[in-house]
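> Take this structure, written in structure tokens, and hold onto it; I'll ask about it next.
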């Protein structure tokens with residue numbers, strides 16, 4: 001009797017382990033299908049997605065979205081100095097765009113540190129950095145003579161890090177945007193960027 005109970009318990013444990021493995025495998029397949037669909041949709045929208053090299057015993061490594069300047073460099077469409085100019089523009093653009101607001105307070109005595117927040121000196125430093133970034137971005141745009149198409153190309157590809165195809169409605173517009181970007185990057189690379197604001 002005891003032998004039969006042990007046998008039944010082992011069979012039940014084996015069935016539960018098999019059911020667990022089946023569920024894990026089904027979940028992994030569902031995740032893999034979801035990732036494949038997301039990657040396919042992103043590529044259809046013009047994103048440059050690359051998979052890390054496959055590891056032994058695994059299908060593919062994780063996926064990584066290539067920023068527009070990196071994609072253009074890998075395709076041999078922009079030179080190193082153009083990419084460097086675009087990266088400078090992009091860093092300043094993102095810093096100016098993400099400027100944080102300075103929270104207000106009704107307390108007439110500023111404290112060294114707000115409860116649960118950043119210190120006053122950190123907030124002021126952040127605000128000063130954002131103001132400098134906005135001034136440098138304005139200088140970059142002046143270097144582009146304020147030309148709307150040149151600024152737009154730099155904003156989308158250098159700042160937002162989109163590929164030309166992602167930033168355009170069709171291949172023809174993507175080609176035009178890329179050509180405009182090349183002109184803008186040549187201008188920015190020749191000038192080596194705006195002077196630093198103090």
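> Given the structure, is residue 90 in a loop (DSSP other than H, G, I, E, B), within 19 Å of residue 166 (Cα to Cα) and at pLDDT 80 or above?
Considered against the rule, which asks whether it is in a loop (DSSP other than H, G, I, E, B), within 19 Å of residue 166 (Cα to Cα) and at pLDDT 80 or above, residue 90 comes out as no.
> With the stretch 95-194 as the region, which helices (runs of 4 or more DSSP H) entirely inside it contain at least 1 residues that are touching a strand residue (DSSP E or B) at 6+ places or on another chain (Cβ under 6 Å), modelled with pLDDT of 95 or more and surrounded by 14 or more Cβ atoms within 10 Å (Cβ to Cβ)?
Correct list: empty, since no element meets the threshold.
> Look through the stretch 53-65, keep the residues that are within 23 Å of residue 160 (Cα to Cα) and touching a strand residue (DSSP E or B) at 6+ places or on another chain (Cβ under 7 Å), and return whichever of them is modelled with the highest pLDDT.
Checking each candidate, the answer is 65.
The values are calculated or read from the model by the stated rules, or taken from the named source; none is laboratory data. All figures in this text were calculated on a predicted structure; none of them were measured in a lab. Cβ atoms come from the backbone with ideal geometry, glycine included; neighbour counts cover every protein chain shown.
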